[in-house]
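The values are calculated or read from the model by the stated rules, or taken from the named source; none is laboratory data. Not measured: the values here are computed from a predicted model. Note that we place each Cβ from the backbone using ideal geometry, even for glycine, and neighbour counts take in every protein chain shown. Ligands, DNA and RNA are excluded from the accessible area calculation, which covers all protein heavy atoms including side chains. Shrake-Rupley method; radii C 1.70, N 1.55, O 1.52, S 1.80 Å.
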Amino acid sequence: MNTRTLLGTLAMAGSIGAAHGETLVVNKATDDGSQHTLRWAIESNNAAGGGSRIQLDPTGKPSGEWVIRLESLLPPIKGPAVIAGKRRGRGDAPEVVIDGSRIVDTTTTASCPAENGVGAGPNVRSLQKPALAVVDSGDVDISGLEIRNFCIGIMLLRSHDNRIHHNVIHDMVGAAGVMITGDDGSAAGNATSGLSTRNLVEYNVIYDTGDGGECTRGTSDTTYQYNVFFQSSPNTVSPRSQGVECAGNGNTGIAFLYNTFTGYSDGLQLNTASDVTVIGNTITKSTYGITASGTAVVIRDNVITGNRMGIGPGGNARVTISGNRIHDNGQPILSLATSAGGTTNPASPALLGIDLGVNGITLNDPASSCPSDGAPDCDTGPNELQNFPVLSASSSWAASGPIVLNGTLQSRPNATFTIEFFANHGLNAAGLAEGERPLGSITVATDGSGSATFSFSVASGDPLGDGTGAAYFTATATGAAGSTSEFSAPLQVSK
């Protein structure tokens, strides 16, 4: 993939941040600390207590990349500050490159060890060797740079109100392209509260970096939007990991809006993060599209296709799944290499569009297997192990009239549920049902025995939008607490 062309497709959504004070011009690519080098500019800004605009301007250089090869790590940036690279043209790739190949051995993840010395590369706790870092500060704007060959591209450690945008970050052999963390720096790596907050990552291209991004250990109210994350090959030095991983305790108020994730072990690994919004993203060619074990997670209006599994709530997750286009998953993509050199779950049965527990089909619960209240669903487990609807063979598709989908739901008594309906051209690669095109939803109420019947009409008579006269229909059920079921078994209906 031509990343310079790719970045050109990301429209400039706003001008580079305004200067807070003095402008420091960087027009020398050397890293000797002399005037007009990047190191000099950061040190000058920090000595002044922040407030500078650092403008990287390779004056007089012919068109093409301008490479600053660091001889040692740069000091963290004290905010407020702006670091603005130069671009070849509006929406084009950065002209300024920050390269770490003189301080990081890019042939091995051993260059990027874990904080506790156990393991290296991605999937270990590491704060090692970032190109640029903001530590215990905030209000830093970084844009217009190409960053390559470090352990971490940009690290925001216990920092707030930063904006990272319009950069190309690639070829990390350590933790992540953009790491946002509230890590307290102790041996245990505990979460902090209220320090790693209100950060914005947008309009970046991030690839071949282990994790594309991280939001960990007390990160809150942070947004990733309009970014492109991908792994170009499973054979890069830093193995495929997550598109973005939210790990550790205290992560809340995270939003993922209109990003693209391609070729990861998990497009999004949300772990125990709560109050998470996932809207308008495209996730493909990954082992798992989204895994989540937190509460108040909303996954809506995304395209999740071509993965091994679509969405997998785990633990005691409460995940609302609505309006997504989930199709053509069930692909024979094995779990991908970890930092220890092995694979995880190479024969995982998780091949569904929605998989409660990431362990294959979860059958509807009989009343005898549940708590003493006798309800047919259990209160614990991912998404409360919410039962899925059952579509009836009495459903019909009139030659010149509507499609009518009839069915039943057996669930908690005297409760209200949203039933959402979907049409599919066919089953997924593993022969299982998904939700290719949302058709709409209705609300139903169960009686005292937990039973509800329903009938849903599709007036258009063209559920797939292409004139197809036959389709596989599915449905999901979502309870009042926001827990969504797996897809129902498919019902094939023809005109």
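In this structure Glu486 has an accessible area near 10 Å², from a 1.4 Å probe over the protein heavy atoms.
Ordered by 1.4 Å accessible area with all protein chains kept, His36, His425, His166 run largest first as His425, His36, His166.
For the stretch 35-165, the spread of Cα positions along the three principal axes, ordered from largest to smallest, is 45, 33, 29 Å. Largest first, the extents of the alpha carbon coordinates of the stretch 92-146 on the three principal axes equal 38, 29, 18 Å. Among the trypsin sites (Lys or Arg not before Pro) in the stretch 79-163, those located in a DSSP loop and surrounded by at most 12 other Cβ atoms within 10 Å of their own Cβ are Arg90, Arg102.
Per residue, how much accessible area does the chain show when a 1.4 Å probe rolls over the protein heavy atoms, in square angstrom? Working shown, then result.
Numbers: 17500 Å² over 495 residues.
It amounts to 35 Å² per residue over the chain.
With viscosity set to 1.306 mPa s and temperature to 10 °C, compute the Stokes-Einstein D of the stretch 439-489, Rh being the Kirkwood radius across alpha carbon pairs; µm²/s, no decimals. Please report the intermediate quantities before stating the final value.
On the way: Rh = 13.3 Å.
Calculated translational D: 120 µm²/s.
With Cα atoms defining each centre, the stretch 468-495 and the stretch 111-147 are spaced 43 Å apart in the structure.
The aspartates and glutamates whose alpha-carbon is closer than 18 Å to the alpha-carbon of Lys495, local same-chain residues fewer than 8 away aside, are Asp462, Asp466. If the cut-off is 22 Å between C-alpha atoms, which lysines fall inside it for Lys129, apart from same-chain ones fewer than 8 positions away? Candidates past the 8-residue exclusion: Lys78. Using a probe of 1.4 Å on the protein chains alone, the accessible area found for Asp184 is around 60 Å². Here the stretch 101-249 yields Rg over Rh of 0.93, to two decimals, using C-alpha coordinates and the Kirkwood radius. The fraction of all Cα pairs in the stretch 166-208 landing in successive 5 Å bins from 0 to the largest distance is 6, 18, 21, 19, 17, 16, 3, given as whole percents. When every Cα-Cα distance of the chain is counted in 10 angstrom steps from zero, the calculated P(r) takes the values 4, 19, 27, 22, 14, 9, 4, 1 percent. For the pair the stretch 395-424 and the stretch 248-326, the centres of their Cα atoms are 26 angstrom apart. For the stretch 95-166, the antiparallel share of DSSP beta bridges with both residues in that region comes to about 5%.
Per the Kirkwood formula applied to alpha carbons, the stretch 187-291 shows a radius of gyration over Rh ratio, Rg over Rh, of 0.96. Take every DSSP beta bridge whose two residues both sit in the chain; close to 25 percent of them are antiparallel.
If we sort 136-143, 42-49, 288-295, 169-176 on the protection proxy, mean other Cβ atoms within 10 Å, highest first, what's the order? Walk me through the numbers before you get to the answer.
Working: 136-143: 22.2, 42-49: 16.5, 288-295: 26.2, 169-176: 29.1.
Highest-to-lowest ranking by the protection proxy: 169-176, 288-295, 136-143, 42-49.
Using the rule -39500 (n - 2.57) for each DSSP H run of four or more residues, divided by the residues of the chain, the 222 nm mean residue ellipticity is -1000 deg cm²/dmol. Projected label points at Leu464 and Asn249, each 7 Å from Cα along the beta carbon direction, are separated by 5.0 nanometres.
So, with a 1.4 angstrom probe, what is the percent of accessible area on the chain that is carbon and sulfur?
Working: 8840 of 17500 Å².
Percent of accessible area from carbon and sulfur atoms in the chain: 51.
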